[in-house]
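I have placed the structure first, in the form of structure tokens, so that the comments after it can refer back to it.
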């Protein structure tokens, strides 16, 4: 498991900042999933990238013309679970959405027990995606879902973010790749 180290920067005015030990991603199977939406709601994309022993071995992306950021984060998580399962080896799936990670690891079990409702019989948003995630995780004991800080220089997370933006770009007809102009 990746280790987070707390340190203080002089410019942070005493607030702790966290940095990840990137050596944790060098061995084993790691899947990074991300989602994006611009504007929110609006066109959205998801991206998934798979690393085996620190080398990118697969990636995928897609999108939806009318969605939300949370729906794209969940779709990325679902696609990441599917990718990890297809490889048939223990995997750590990393996602920068606490909503997706806590939902899958902490909340989903209780939602399911309540008939896919929140406490107080409140409707659960994105219920169909949560049900697909639950089904995809059924029997997938070798997949561990973990949170990672977004936009923190973690190569896999940055790559998944790039792919989610390519997913958006494919919907709206432009490329997010910028070329130098002479």
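Expressed per residue, the C-alpha convex hull volume of the stretch 85-182 stands at 155 Å³.
Exposure proxy check: 55, 172 ranked by fewest other beta carbons within 10 Å? Can you show the working numbers first?
Details: 55 8, 172 12.
Least crowded to most crowded, the residues run 55, 172.
Kindly identify the stretch 25-98 as rounded, prolate or oblate by the Cα gyration tensor criterion: order the square roots of the eigenvalues as a ≥ b ≥ c, call it rounded if a/c is under 1.5, otherwise compare a/b with b/c, prolate if a/b is larger, else oblate.
Values: a/c = 2.54, a/b = 2.41, b/c = 1.05.
It is prolate, given that a/c is not under 1.5 and a/b is the larger ratio.
If packing is taken as the average count of other Cβ atoms within 10 Å, what order do 135-146, 88-99 fall into, highest mean first? It would help to have the intermediate numbers written out before the result.
Working: 135-146: 14.8, 88-99: 18.8.
Per-residue mean Cβ counts within 10 Å order the peptides as 88-99, 135-146.
Computed over the Cα atoms of the stretch 47-142, what is the convex hull's projected area averaged over all directions, in nm²? Taking the Cα atoms of the stretch 47-142, their convex hull projects to 6.6 nm² on average.
Read-outs throughout are calculated quantities, based only on the coordinates presented, and are distinct from any laboratory measurement. Small disclaimer: the values here were computed from a predicted structure and weren't measured. All Cβ positions, even for glycine, are placed from backbone atoms using ideal geometry, and neighbour counts span all protein chains on display.
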